[in-house]
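The values are calculated or read from the model by the stated rules, or taken from the named source; none is laboratory data. As the structure is a prediction and not an experimental result, all values here were calculated from the model. Virtual Cβ from ideal backbone geometry, glycine too; neighbours counted across all protein chains shown.
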Amino acid sequence: MPRYFFALVLMVFFLPSQLSGQDTWNLQECIQYAFDHNIRIKQQNLNTQVNEKNLQQTRLSALPSLNAGATHNFSFGRALDETTYEFTQDQQVQSSNFNLSSSITLFNGFQKWNSIQRDRFSLKASLQALERLKNDISLNVASAYLQILFNHELVQVARDQLELINQQANRTRKLVEAGSLARGDLLEIQAQAANEELNLVSFQNQLRSSYISLIQLLELDSAGGFEVEQPALGRLLDREPLPPVDSIYQVAQKQLPRIKGAEYKLRSQEEALDIARGQLSPRLSLNLNYGSRYSNIRERLTGMDSVTVPIGRTQNDVPVYATQPAPSYSGYPFWDQLQDNASTSVMFNLSIPVFNGWQVRHSISNARVGVLNAQYELQLQESQLYKDIQTAHADALAAWKKYQAASKTVESRQESFKYTSKKFEVGLVTSIEFNTAKNNLIRAQSELLQAKYEYIFKTRILDFYQGKPLTI
């Protein structure tokens, strides 16, 4: 036998020792690990967090606003003296202004409320998108997991066939040495043994590829120590009547995230339409303001003093004086000015849209298009779900019938192969007839395995549509 066959066999037999570890992974562990490490799930989690923040911000925007402000001014030259209300020249003035304002929208066509509802449904749609992504990953992991189990059984079938053909080769060698069979029969059996060895290597490579596919789905850093659990699948082949397509659809329509997410998107678009319509309504708001000011040149009036001032002259040009009151001033402290200059105002603001270049009308028109698009998307998802259930239901029934037929075929091929083997041992049939019987048995066994795993996977999908946990 060529040496490279031995090298390939050693390489592939070495693979299970690399993949075997202290523990095996069941399907639930694989799915949970994929949930924790999948990059797309992490990205969708971030999108959900953004939608949560948007909803929080929209809710907070409905609260009254409160703002404080302060300014400090330096001016040089001509200035108004706030004490005497006269203009002064070459004056250096420092002044400060302080204000506190609050505003609340009393009515704006319920735009605030509808904005909260829109963002709430957007958040729910985002959560459903996350659940849908998890469902898709769960099904992909389950499919890859079952593919590994399928390839494991194919490898075992190939090993059994290789062992059987080797045993038959030993018997044939003895018959040839005894003169009961021609040497050509031995050469044919040895060629078939080499072919079975090649089949084993091929199936082991398929097993390795299926492991790699699952490892990539799980985002595992290394394949070392990874091996899946091989559960008993006999109970999954117990034939139970499949529920009708319509009953499965009724359950799936109420709980699957792909439908609920489309419904929430529709609700979000409907709220967006109400927001656009709200722009046609008058807007009523309440504004409250409180402010004060300070100036370094301002003085406080403390009283009235008597001062003598000239009021004219006599005929002899003698000045005439009179006594009259004059205000007296003193310093005006900072805090006293703030207290005395404080002012409060309350203002109601009513805005009525009359004409704005048809912007509101265009917004309403675009929002209606968004609602129609969301309705079509919901109809599309419902229609696609029904088709998927129909297909899975039909595939499950077909796989079950195929499994039943393949089981009968395997039984008959096994009996035929046993009978042909006995006849070959006594020289009643040729090696070609023996190989034909053996190949027919292998083909029937492969078809049986394929039908078995196809039936298991399709029934798991139908269970998944009905809200049952994805288990094997």
Worksheet item: Got at least one residue in region 462-471 being β-branched (Val, Ile, Thr) and surrounded by fewer than 19 Cβ atoms within 10 Å (Cβ to Cβ)?
Response: yes
Practice item. Report yes if ALA399 is over 30 Å from LYS174 (Cβ atoms), touching a Phe, Trp or Tyr at 6+ places or on another chain (Cβ under 6 Å), aliphatic (A, V, I, L, M) and touching a residue at least 40 places away in the same chain (Cβ under 8 Å), otherwise no. Key: yes
Filtering region 126-183 for residues that are aromatic (Phe, Trp, Tyr) and under 30 Å from ASN435 (Cβ atoms) leaves a count of 1
Determine, yes or no, whether THR391 is surrounded by fewer than 14 Cβ atoms within 10 Å (Cβ to Cβ) and either among the aromatic types (Phe, Trp, Tyr) or without any contact (Cβ under 8 Å) to a residue 60 or more places away in the chain (or both). yes
Checklist entry - Can GLY427 be described as touching a residue at least 40 places away in the same chain (Cβ under 8 Å), closer than 18 Å to LEU175 by Cβ and not in a helix (DSSP H, G or I)? => result yes
Do we have THR48 as at pLDDT 90 or above, under 30 Å from ALA262 (Cβ atoms) and either among the polar types (S, T, N, Q) or not in a helix (DSSP H, G or I) (or both) here? yes
Note: among ARG368, ARG300, ARG361, just one is in contact with an Asp or Glu (Cβ under 9 Å, 6 or more places away or on another chain) and either surrounded by 12 or more Cβ atoms within 10 Å (Cβ to Cβ) or closer than 30 Å to SER61 by Cα (or both), namely ARG300
Exactly one of SER343, SER292 is among the small types (Gly, Ala, Ser), in contact (Cβ under 8 Å) with a residue 24 or more places away in the chain and touching a helix residue (DSSP H, G or I) at 6+ places or on another chain (Cβ under 9 Å), and that residue is SER292
By my count, helices (runs of 4 or more DSSP H) wholly in region 183-282 with at least 3 residues that are more than 30 Å from ILE364 (Cβ to Cβ) and among the aliphatic types (A, V, I, L, M) are 183-218, 245-255
The condition of being of a type in the set (S, T, N, Q) and either surrounded by 15 or more Cβ atoms within 10 Å (Cβ to Cβ) or under 30 Å from SER351 (Cβ atoms) (or both) holds, among ASN108, ASN73, only for ASN108
Residue check, SER102 surrounded by 15 or more Cβ atoms within 10 Å (Cβ to Cβ) and under 30 Å from ILE275 (Cα atoms): no
- Message: Given the condition in contact with a strand residue (DSSP E or B) (Cβ under 6 Å, 6 or more places away or on another chain) and of a type in the set (Lys, Arg), answer yes or no: does some residue in region 348-365 qualify?
- Response: no
Expected output for region 257-268 (first residue touching a residue at least 12 places away in the same chain (Cβ under 8 Å) and more than 9 Å from GLN128 (Cα to Cα), partner assigned to a helix (DSSP H, G or I) and of a type in the set (Phe, Trp, Tyr), Cβ below 8 Å, 6+ apart or cross-chain) is LYS265/PHE121; ARG267/PHE121; SER268/PHE121
Taking region 308-345 and the residues there that are aliphatic (A, V, I, L, M) and outside any strand (DSSP E or B), the one that is surrounded by the fewest Cβ atoms within 10 Å (Cβ to Cβ) would be VAL318
